[in-house]
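What follows is one structure encoded as structure tokens, with my remarks underneath.
The values are calculated or read from the model by the stated rules, or taken from the named source; none is laboratory data. Remember, it's a predicted structure, so these values are computed and weren't measured experimentally. Cβ placement follows ideal geometry from the backbone for every residue including glycine, while neighbour counts extend to all protein chains displayed. Just the protein is used for accessible areas: all its heavy atoms, side chains included, with ligands, DNA and RNA removed. Shrake-Rupley method; radii C 1.70, N 1.55, O 1.52, S 1.80 Å.
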Amino acid sequence: VGGAGYGKSLFQKNIINNYENLNIFRAIEYIVLYGELKSFYPNNVDTPISVLEFLKNSMRSNTLIEVSDEFIQHYLDSGRCIILLDALDEVDKEKRDSLHESVASFFKKQNPNNKVCITSRERGFIPEKDIEVLNIYPLDRNQIEEYVDKIIALGKFEADDKPSFIEQTDQLISKGFLSSFLVLSLLVNIYKAERELPE
């Protein structure tokens, strides 16, 4: 759970790219299935497609590989799936609760060794008992400085500009504007072009 631009989708993409390094026994034997939850309603229909259909469609759209229900079910039954479901908050409000309930119910009936991660902004989050919730909090000054140090190391920002940039970000942090890496990366580019940040 985290605000817009806090890195929820980026976190899931990182899992996709590095899943074999997860602290999971024989992680290399897992398959990763990623999908945006709003895709449960293709063409904005009122009734969601089945979870298996959603997983097949997600596999096809992300990998261009066509798989069967039996293929997906085999991995679910063996507990060798990493399921990444993105952006619960982007599902229409009227449909969100029932979709969340049916998805949670489906996975609770599957092998408990499957790993499921659902991302959402706070506004769309639906707490579920016995489910671990991780929150992404707004950036603090130390994280901003670490980020700037890293882009300096990459040669994408001048080290001499760091003190002025950090000083200018203080007011934006206190106003609650600078809270995510997305905003921070935009501000870095504005500063590089203008030598000052907007109020």
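Could you go through the range 125-135 and let me know if any residue there is within 30 Å of residue 49 (Cβ to Cβ), of a type outside the set (Asp, Glu) and in contact with a Leu (Cβ under 8 Å, 6 or more places away or on another chain). Yes, the range 125-135 contains a residue that is within 30 Å of residue 49 (Cβ to Cβ), of a type outside the set (Asp, Glu) and in contact with a Leu (Cβ under 8 Å, 6 or more places away or on another chain). Scan the range 91-109 and tell me whether some residue there is part of a loop (DSSP other than H, G, I, E, B), touching a Gly at 6+ places or on another chain (Cβ under 9 Å) and among the charged types (D, E, K, R). No: zero hits. Filtered by the rule that a residue be assigned to a helix (DSSP H, G or I), open to solvent by 60 Å² or more (accessible area, probe 1.4 Å) and not polar (S, T, N, Q), the range 137-146 gives 141, 146.
Of the set (1) closer than 22 Å to residue 121 by Cβ; (2) surrounded by fewer than 12 Cβ atoms within 10 Å (Cβ to Cβ), all apply to residue 154 but (1).
Cβ-Cβ distances below 6 Å connect the following pairs, each with a first residue in the range 187-199 that is under 11 Å from residue 172 (Cβ atoms), a second residue that is in a helix (DSSP H, G or I) and of a type in the set (A, V, I, L, M), and a separation of six or more residues or different chains: 197/187.
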